[in-house]
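Enquirer: Sharing a structure, written as structure tokens. Questions coming.
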Amino acid sequence: MGHLAPFCRLAVALSDRACDVSFITIQPTVSSAESRHVATLLAAFPRLRPLDFRLADFDPSAFASTDPFFLRFEAIRRSAHLLPALLAATSPPVSALVVDISLASAFLPVVSGVGLPCYLLFTASAAMLSLCAHFPAYIATRNTAGVGDVGIPGLRTVPKASIPLPLHDPNNLFTTQFVENGRILQKADGILINTFHALEQEALDALNGGKVVPGLPPVVAIGPLKPAMGCEGGSTLLWLDAQPARSVVYVSFGSRTAMSVDQMKELGSGLERSGCRFLWVVKSKVVDREEEVELEELLGEEYQERVKERGLVVKGWVEQEEILRHRAVSGFVSHCGWNSVTEAALHGVPILAWPRIGDQRVNADVMARGGLGIWVKEWSWEGEEKVVRGDEIGERVRELMEDEGLRASAARLGRETVKAVTVDGSSGKGLTEFIGKL
Ligand code: BUP
């Protein structure tokens, strides 16, 4: 969802600005959330033209990864040769493509081969783009030394502990994709990125000033891309309506970060001990289709009964953006998926960061530097057995909800974010610049 959501938003933003937009859809999807999201998008915006992309045969067992999302990216990458036929059948003809960063090295040569400009959409932070751009050169110097702290020229050092875990294994499928995509960035006609200058000026300057790596095409900040799809209230929002203003902490770890049952129980106890009202989205499986266990089984029989006066626990999809914009919500315990960070910024909601996998520590660092929240660096990370205790979680949640200074600085960033996405703001101008090129 972290990749799909910004693509849907970009499609709507371009269409709103009088571009004729075709949207390549891929079937089958990995998660139910993806299928629903695409169906909702196409129903709400019939002017977007769906192009149905059928994948070539793919045997996942041939690749060094068990991550269903990395494997799906690989399946799409290996179907790139089918793209020209799809494009040739499109009327009116397509004049440029915007391709996800994860597909860059497979799709860029094919798109260039049919004579079309190819832009990349980088769906994470500019700090992460800097790591992606520099990483191929970095590992070329390491020989057998393995990955340590990575000093990004013109920016800062990403500590070893914040490097996504798969990148420590040179044979991992994600490492192969990341390095190949990093190597080909210079060949793109431009790189659109879902961030904004007030949050990541330094990284954007380093990228565009040729400091990170020479010869990059323009890196154009167009974020945060604004959510485009409304929703129908739903029981979660009704529950929020009944809560006092700025009293609720929202807890979610995104669409692909599962938590162990032991850790979930400690988190539940921490939320209870914090004394704060809370809305907690529980996720115990990486892919939502496999989420079968009932909440009672995960949290213990009496938990929900005990907390029902001030806590709502839900399993499955919620309308996160509507939650973050709700007047009752004033804190967010987040894994720091990049979309979640930018959505919190847009609504000035302070974050207590608990990054778990992938780029989330890099994002948490950007978030904390930007004055949007607190990051407890010692909390557990992928590959670690450690269980963070409930009393510690409760204390930090209370701190998040009571820190007036933090609330003020998050609100300040919120105002800057809103300004950035107006037509005359930095990201609004970025989008205009891109449309001008089209
Ligand atoms: Br879960 C969930 N409702 O219940 P991130 C997510 N979202 O609207 P991730 C909901 O999905 P990656 C839910 O608002 C955001 O736009 C959320 O993206 C929305 O994290 C998106 O925050 C999730 O980037 O993806 O899912 O971990 O690993 O690609 O960053």
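Enquirer: Counting every Cα pair in the stretch 170-328, what percent are over 29 Å apart?
Expert: On the way: 5299 of 12561 pairs.
Cα-Cα pairs in the stretch 170-328 separated by more than 29 Å: 42 percent.
Enquirer: Students often get this wrong: which residues of the stretch 269-310 have the backbone nitrogen under 13 Å from the point 7 angstrom along Cα-to-C-beta of THR40?
Expert: It comes to no residues whatsoever.
Enquirer: A further question on this structure: Skipping prolines and chain starts, which residues have an amide H placed within reach, meaning under 5 Å, of the one on PHE122, given they are 5 or more residues away or on another chain?
Expert: Answer set, sorted by chain and number: LEU192, ILE193, ASN194.
Enquirer: Calculate the spin-label point distance for ALA140 paired with VAL418, positioning each point 7 Å from the Cα along the beta-carbon direction, and give it in nanometres.
Expert: 4.7 nm
Enquirer: Under the rule that an exposed site lies in a DSSP loop and has at most 13 other Cβ atoms within 10 Å, name the longest stretch of the chain with no GluC sites (Glu not before Pro) of that kind, not counting the sites themselves.
Expert: 1-231
Enquirer: Shifting gears a bit: Give me log10 I(q)/I(0) at q = 0.12 Å⁻¹ for the stretch 308-371, Debye formula, one equal scatterer per alpha-carbon, no solvent.
Expert: These q points yield log10 I(q)/I(0) values of -0.31.
Enquirer: Once you compute Rg and the Kirkwood Rh from C-alpha atoms, what is the Rg to Rh ratio for the stretch 201-283? Present the calculation step by step, with values, prior to reporting the outcome.
Expert: Working: Rg = 20.1 Å, Rh = 17.1 Å.
When Rh is taken as the Kirkwood radius, the ratio is 1.17.
Enquirer: Now for a different question. Can you compute log10 of I(q)/I(0) for the stretch 155-199 with the Debye formula, treating each Cα as one identical point scatterer, at q = 0.32 Å⁻¹?
Expert: So the normalised log intensities work out to -1.03.
Enquirer: Taking 2.2 N^0.38 Å as the expected size of a compact globular protein, what ratio does the Cα radius of gyration of the chain give against it, to two decimals?
Expert: Details: Rg = 21.3 Å, N = 438, 2.2 N^0.38 = 22.2 Å.
Ratio of Rg to 2.2 N^0.38 Å for the chain: 0.96.
Enquirer: Take every DSSP beta bridge with both residues inside the chain and express the antiparallel ones as a percent of the total, to the nearest 5.
Expert: Taking every DSSP beta bridge with both residues in the chain, the antiparallel ones total about 5 percent.
Enquirer: Regarding the stretch 252-391, what is the average projected area of its C-alpha convex hull, in nm²?
Expert: Here the figure is 8.1 nm², rounded to one decimal.
Enquirer: Just grab the label-to-label distance for VAL376 and LYS308, each label 7 Å out from Cα along the Cβ direction, in nm (one decimal).
Expert: 2.9 nm
Enquirer: In addition: Determine how many Å³ per residue the convex hull of the Cα atoms of the stretch 87-164 encloses.
Expert: Considering the Cα atoms of the stretch 87-164, their hull volume per residue is 123 Å³.
Enquirer: Tell me, what is a quarter of the convex hull surface for the C-alpha atoms of the stretch 1-88, in nm² with one decimal?
Expert: Details: hull surface 24.9 nm².
For the stretch 1-88, averaging the hull's shadow over all directions gives 6.2 nm².
Enquirer: OK, next. Which distance in Å, rounded to a whole number, links the C-alpha centroids of the stretch 104-156 and the stretch 15-65?
Expert: Each part's Cα centre sits 24 Å from the other's.
Enquirer: A further question follows. What nm value, rounded to one decimal, do you get for the distance between GLU301 and ALA62 when each label is placed 7 Å out toward the C-beta?
Expert: That separation, rounded to one decimal, is 5.2 nm.
Enquirer: Can you spot the lysines whose alpha carbon is less than 21 Å from LYS315's alpha carbon? Ignore those fewer than 8 places along the same chain.
Expert: Output for LYS315: LYS265, LYS283, LYS285.
Enquirer: Among THR141, THR175, THR342, which one moves the most in a GNM of the chain with springs linking Cα atoms closer than 10 Å?
Expert: THR141
Enquirer: I need the phi-derived Karplus couplings for the stretch 209-216: 6.51 cos²θ - 1.76 cosθ + 1.60, θ = phi - 60°, integer Hz, Gly and Pro marked x.
Expert: x, x, 7, 5, 7, x, x, 6
Enquirer: 5 Å is the cut-off here: which amide hydrogens, built 1.01 Å from N in the peptide plane, fall below it relative to CYS336, excluding neighbours closer than 5 in sequence?
Expert: Excluding prolines and chain starts, which carry no amide H, the hits are TRP354.
Enquirer: Let me ask something additional. Which lysines have a Cα less than 20 Å from the Cα of LYS419, not counting those fewer than 8 places away in the same chain?
Expert: LYS226, LYS429
Enquirer: Which semi-axes, in whole Å and largest first, does the equivalent ellipsoid of the stretch 32-144 have when worked out from the alpha carbon gyration tensor as the square roots of 5 times its eigenvalues?
Expert: Result for the stretch 32-144: semi-axes of 27, 19, 17 Å.
Computed from the coordinates by the stated procedures, all read-outs in this text should not be read as laboratory data. Only a predicted model underlies this, so the values are computations on that prediction, with no experimental measurement involved. Counting neighbours? That spans all protein chains shown, and the Cβs are built from the backbone with ideal geometry, glycine included.
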